[in-house]
Amino acid sequence: MSKTSASTSAPLEKAVFIHSTVLLLCSAWIYGGNIWWMRIALSLWTSLGAGLTLLAFCQRGSRGEAARRKIWWLTPLALFSGLILLSVFNPSFRTVHIDDAVSYVKTTVQKPHWPSTISTELTLRAWWFGAGVYLSAFNIVCLIQSRSILRKIMVLISVSTLLLAVMGTLQKLSGVGFYFGATESPNPRFFATFIYYNHWGAFMLLGLTTAIGLLFYHARRYESRDLWHSPFSAALVGVLLIATSAPVSASRASTVITALVLAIGLTHALSRIVNLRRARRQNPWPLLLTIITLAVITSSAISWLSYQTLTQRFNETQLAIDQNQSVFGGRAELYRDTWSLAKEKPVFGWGLDTYSIGFQMIRPYTVNLRDRSENIFATAHNDWLQSLAENGFAGTILLMAMGLIPLIMIPTRQFFHPLVIYPLLGCALLLLYALVEFPFANGAVMITFWTLLFTTVAYARLTDTASRTHHE
């Protein structure tokens, strides 16, 4: 690499790191990035990411060439943006202002077979934010060439999640309000800085799997030295504290997923111990039994700490079932109606971020479900179905391609590196979680998901390059 290329890219590399850091921290610590004025502020900040993308492509030397070779990665985003712009110029509804209320009236679409949208304003705002987040994350794989910086991003995600987990746990156990009583949450079921506790569960999942990846990274790196005087011990404590927040937050889905992640991590740890002990011709059972005993004690401590919350959620669920108001029955009905909405416009959908308006055509009046927040039906409680309703199969496939293209760029032999497989596990579980909840409606979750995905891809590619150079 030429000196000119290196000197030009160094400031851009730092700029991307600072830009990503501000984006991650502000979205997580200020209402979970999910209050209207914060969403606008984040959209403005992500717009700077588009400028960094242009600067990446305009670089001279080898790094500029490497960045320009990745332009095709943005093809799904470009096509999706094209669909959005076509829908904006082909509105299917018009707004009617009555006093302070806004109503939507269906109109004749000029081009019925083209993409259209119910609300141009809502669609453009959602596209602005989403495209900016994606480009900001894409800059990581384009401009950052240092694995230490990439690890710093992963540590930042883990530490931020840890501090928020401690904050939320203290709030929950002490009974103080949102931000320790400094303000009120729009939703009574909040946790830490997140307005909705299931959004915290989704965010926590990404931080937890990243922390476990860092745990195994340090365990592998310090195998021949004093492991407990390395960052391993701090990472282990952090993992346990983050995991504790799942049952304390009262989120049933995230509690189940957290238990699954911890079981996977524990199984991985035990298998590594067996292999190492056998390679050294040592008996693995004393250490295995010790670790299993500690795991049981830790699980018991977490259960005791979250006993009151778990009992309350169990009683609520039992009462709902007794009153024939099972959340599963309500969700099944909601999903059926959402699918009916999607079938009316299966190719391009009703328009990005217009579900809450379009759903009123299927179900004009809300149904008395157990949770008030579910009566509103601002979301489908299933991001996959909602995407089909809003973006159709064409838009949903393009959204999937936006994640699949960077994923297939990961070298196969680096896939099982702990700083690759565990962050990807978190991303995969989040996509499964989106089958029963709406995590991608939260700004912090969306930002962390794309940032973590591209950070992992960049780390895998740089690690593979370093290993090939070392062997040569």
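Descriptive notes on the structure:
- Extension reserve of the Thr183-Leu25 stretch, reckoned as 0.36 nm per residue once the Cα distance is removed: 54.9 nm
- Size descriptor for the range 418-472, Kirkwood hydrodynamic radius: 12.5 Å (Cα pairs only, one decimal).
- Accessible surface for the range 58-98, divided over its residues, is 56 Å² per residue with a 1.4 Å probe.
- Computed E for Leu86/Gln360 - FRET, C-beta separation, R0 41 angstrom, nearest 0.05: 0.95
- Computed FRET value (nearest 0.05) for Leu54 with Arg468, which takes r as the C-beta separation and R₀ as 22 Å: 0.10
- By average C-beta atoms within 10 angstrom, highest first, the peptides 440-453, 195-208, 120-133, 258-271: 195-208, 440-453, 120-133, 258-271
- Note on the chain: with neighbouring protein chains present and a 1.4 Å probe, carbon and sulfur make up 65 percent of its accessible heavy-atom surface.
- Axial C-alpha extent at least 24 Å, average Kyte-Doolittle at least 0.0 - helices from the chain (DSSP): 3-29, 36-57, 120-143, 147-174, 197-221, 231-248, 252-279, 285-305, 383-408, 443-471
- In terms of its C-alpha gyration tensor, the range 51-166 has an oblate overall shape, because the principal axis ratio a/c (a ≥ b ≥ c, square roots of the eigenvalues) is not below 1.5 and a/b does not outweigh b/c.
- Distant alpha-carbon pairs in the range 233-299 (separation over 15 angstrom), percent: 60
- Cα-based equivalent ellipsoid of the chain: semi-axis lengths in Å, sorted from largest, via gyration tensor: 38, 32, 19
- Computed [θ] at 222 nm, deg cm²/dmol, the chain (DSSP H ≥ 4; -39,500 (n - 2.57); rounded to nearest 500): -24000 deg cm²/dmol
- Among the listed pairs Lys70/Lys111; Lys70/Lys152; Lys70/Lys343; Lys106/Lys343, a Cα-Cα separation exceeding 29 Å is found for Lys70/Lys111; Lys70/Lys343.
- Model label sites at Ser47 and Gln308, defined 7 Å from Cα along the beta-carbon direction, differ in position by 4.6 nm.
- Potential extension, Ile292-Lys111 segment - 0.36 nm per residue separation minus Cα distance: 58.8 nm
- Extension gain from Ile18 to Arg221, taking 0.36 nm per residue of separation minus the Cα-Cα distance: 70.3 nm
- Largest first, the residues Arg363, Arg281 sort by 1.4 Å accessible area into Arg281, Arg363.
- Sorted on the mean count of surrounding Cβ atoms within 10 Å across their residues, most packed first, peptides 409-417, 422-430, 293-301 read 422-430, 409-417, 293-301.
The values are calculated or read from the model by the stated rules, or taken from the named source; none is laboratory data. Predicted model, so just to flag it, every value in this text is computed and none were measured. Backbone-built Cβ (ideal geometry, glycine too); neighbour counts: all protein chains shown. Note: areas computed on protein heavy atoms with side chains; ligands, DNA, RNA excluded. Shrake-Rupley method; radii C 1.70, N 1.55, O 1.52, S 1.80 Å.
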